[in-house]
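Read the structure below first, then the notes.
The values are calculated or read from the model by the stated rules, or taken from the named source; none is laboratory data. Keep in mind it's a predicted model, so treat the numbers as computed, not measured. Cβ placement follows ideal geometry from the backbone for every residue including glycine, while neighbour counts extend to all protein chains displayed. Calculation scope for accessible area: heavy atoms of the full protein, side chains included, ligands and nucleic acids excluded. Shrake-Rupley method; radii C 1.70, N 1.55, O 1.52, S 1.80 Å.
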Amino acid sequence: MTFFLQNFFNGIMLGGLYALIAVGYSMVYGILRLINFAHGDVMMMGVYFAYYSAVVFSLNPILSFTVAVLGAAALGFLIDRVAYKPLRKAPRISALITAIGVSFFLENLAVVIFGAIPKSFLDVFKDKSILEKTITVADARIPLLTFLVIIVTFAMFSVLFFVVYKTKIGMAMRAIAADIPTTSLMGVNVDNVIGFTFALGSALAAAGGIMWAMRFPNVHPYMGFVPGLKAFIAAVFGGIGSISGAVLGGILLGMIEIFLAAYFPSVMGYRDAFAFIILITVLLVKPSGLLGKKAIEKV
Amino acid sequence: MTSPTLDLSRKPILILDQVTMQFGGLVAVDDFTAEIRQGELVGLIGPNGAGKTTVFNLITGIYHPTKGKIVFDGIDITPLKPHQITHLGIARTFQNIRLFSDMTVLENVLVAQHHKFTNPDADRILKINGKSAKRVANFWFWRSVLKVGYLKFEKEMVSKAKELIEKLGLSKFMHEKASALPYGDQRKLEIARALATDPKLLLLDEPAAGMNPKETEDLMRFVERIREEFDLTIFLIEHDMKVVMGICERIIVMDYGRIIAEGTPKEIQNNPKVIEAYLGREWEGV
């Protein structure tokens, strides 16, 4: 039981982080039918923003978290304006290739600005004792940090669902996902709403990335690749285009990874391979994902 | 019925001036010149592929004409984007219903009200200067994102939307998904959604398509009713001659992208060019 709980919390945490990043993929796909390959790199930039605001500008943790999240949101908005907006009417493949280009650009930009030598995210904490603190739940010792990550993740999802389902801008996002030209004929400025979607997704990715870095403190320009890829798998698993699908897919993927590694330690080395096995299985069995709608193309 | 057919005292609300639309080598709309006057109900007819829907797409800014100018309410709207044109007061429906099918009836109408509370001054400012209107619209957009003093507006929006839905007799479907409505009511909802943008000019693209005679009859009464109630100018495309001849005051006939006739329903019915376009020409001497 203790062992189970320990892994359960780890699974929720890892899954929550995947989910936070996956939502950005799913929202952009839902609206533009574009896989934004630069998403993981926006996350990486967010982590650097947090690192520098805390270590170099010595802001307090909450403030540097806020700065990083807002910075990533601005970056996401900017990427859409500069790279994707001019291609709105171009064939979809052009935007896809551009996304890969933006990804390389951000990685190399980070090498130039921040340097290729990995930094330790633990430098952010002046008082390292917080990392050691644990809470005991039914004999299982859970790091305080894990709880913190879970709470922040769920708080962010509540905000996200409120924005998407209860506000005007969220309604515009859903309308655009259904039909862009019709929405613009309803008087909605489509480009602004798309820009906002990118900003929202990037902000969540940055938040996820910062918490990822607390757990895996190795900060380097290519750190966005693996979580980005896993989150993408999570988004496809849950049904790309659906926000609740991304959340569900992320949490399930995290759980599966942790539990497989915990109960079958001999296959631990293949942990990353499980994600891809899941991806391939989903694509074969239910290509639309767990919560995705079956797309019927008009002939 | 008061239908002063060619009452020249009414001022033109929409002017299409030598509008041409070319898609590659195909001229879909050719030198189209027409005027719609304030309060009129004008029909646009023609055989399939004549370019009728393209004309609507040009008016609403989905396409920009290759040549020519479109003026609405004294403003040159030729270069404007669809959402800006909607702000000025043109709304439309579609040939094949395009509702947001996963959203409720209420939400469908709310989306259409979006801009009204975003940018109350758009009309006025757009008239003066297109650029500054864009800036104001952006300002209001970000303000709405940041929710500065917005909850009150949002409540007002919902009650306005409900009021409109009730007026059009759709209130029993208020929280149903749009895709769950019967066909005729989906058409009505599409019109309700268009009305929610507060239009002066309403463009209806084949509103009676796919309807049975009873539904068509209802629709005709419905169009006449909203025209009175919302003080609208209506421009409609229709294939059902019963609708066109029954409610339109004036008819424009298109064929191969050009206007081939224009006049009252009576005049159109007897126009040889129109008969030829629809039925083909009889071979002389055969």
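Assuming R0 = 51 Å, what is the FRET efficiency of A:S266 and A:I93, from their Cβ-Cβ distance, to the nearest 0.05?
0.75
Output wanted: per-residue J couplings in Hz (rounded whole) for region B:250-258, from phi through Karplus 6.51 cos²θ - 1.76 cosθ + 1.60, θ = phi - 60°, x for Gly and Pro.
Values, residue by residue: 8, 10, 10, 10, 10, 8, 6, x, 10 Hz.
For B:K172, what is the net charge nearby, where nearby means another residue's Cβ is under 11 Å from its Cβ and Lys, Arg count +1, Asp, Glu -1?
-3
So, by mean Cβ neighbours within 10 angstrom, what's the order for A:118-126, B:82-90 with the highest one leading? Please list the in-between numbers first.
Values: A:118-126: 15.7, B:82-90: 23.9.
So the order, starting with the most tightly packed, is B:82-90, A:118-126.
For the peptides B:32-38, B:188-194, what is the packing order when you average, over each peptide's residues, the other Cβ atoms within 10 Å and list the highest mean first?
Highest-to-lowest ranking by the protection proxy: B:188-194, B:32-38.
Arrange the peptides B:266-278, A:63-75 so that the one whose residues have, on average, the most other Cβ atoms within 10 Å appears first.
Values: B:266-278: 14.6, A:63-75: 20.3.
Sorting B:266-278, A:63-75 by mean packing, highest first, produces A:63-75, B:266-278.
Which whole number gives the average count of other chain Cβ atoms within 10 Å of the Cβ atoms across peptide A:171-179?
5
Using the beta-carbon distance between B:L26 and A:L283 and R0 = 45 Å, what value does 1/(1 + (r/R0)^6) give for FRET efficiency, to the nearest 0.05? Intermediate results must be reported in sequence, preceding the final value.
Working: r = 40 Å, r/R0 = 0.89.
Calculated value: 0.65.
Starting at the first residue of region A:105-121, write each ³J(HN,Hα) from the Karplus equation 6.51 cos²θ - 1.76 cosθ + 1.60 with θ = phi - 60°, in whole Hz, x for Gly and Pro.
4, 5, 4, 6, 4, 5, 4, 5, 7, 9, x, 7, 6, x, 10, 9, 5
Would you mind computing, in nm to one decimal, how far apart the modelled labels at B:Y256 and A:L78 are, each placed 7 Å from Cα along Cα→Cβ?
Each label point is offset 7 Å from its Cα along the Cβ direction, giving 5.6 nm.
Label-point separation (nm) for A:D139 and B:K172, each offset 7 Å from Cα along Cα-to-Cβ?
The modelled label-to-label distance comes out at 6.2 nm.
Which whole number gives the average count of other chain Cβ atoms within 10 Å of the Cβ atoms across peptide B:75-86?
Working: counts 0, 0, 0, 0, 0, 0, 4, 11, 10, 3, 3, 5.
Mean shielding count: 3.
Determine the distance separating the Cα centre of region B:183-252 from the Cα centre of region B:86-101; give it in Å without decimals.
If we compute the Cα centre of each part, the gap is 12 Å.
Around B:F230, which amide H atoms from residues at least 5 apart in sequence, or from another chain, sit under 5 Å from its own amide H, with H modelled in the peptide plane?
none
Once you have the Cα-Cα distance between B:D218 and B:R10, take 0.36 nm times their residue separation minus that, and quote the gain in nm to one decimal.
Values: separation 208, 0.36 × 208 = 74.88 nm, distance 2.86 nm.
Length gained, B:D218 through B:R10: 72.0 nm.
Given Cα pairs under 8 Å that are at least 6 residues apart, what percent is the relative contact order of chain A?
Across chain A, relative contact order equals 36 percent.
If you count, for every residue in B:222-234, the Cβ atoms of partner chains within 10 Å of its Cβ, what is the mean?
Rounded to a whole number, the mean comes out at 0.
Show the residues, 5+ positions off or on another chain, whose built amide H is closer than 5 Å to the amide H of A:V137.
Those lying under 5 Å, H to H, from A:V137 are A:I142.
Give me the extension gain from A:T2 to A:F125: residue separation times 0.36 nm, minus the current Cα-Cα distance, reported in nm with one decimal.
Residue separation times 0.36 nm, minus the Cα-Cα distance, leaves 41.4 nm.
Please work out the average accessible area per residue across region B:161-248, using the 1.4 Å probe convention, and give it in Å². Before the final figure, lay out the partial values.
On the way: 3520 Å² over 88 residues.
That works out to 40 Å² per residue.
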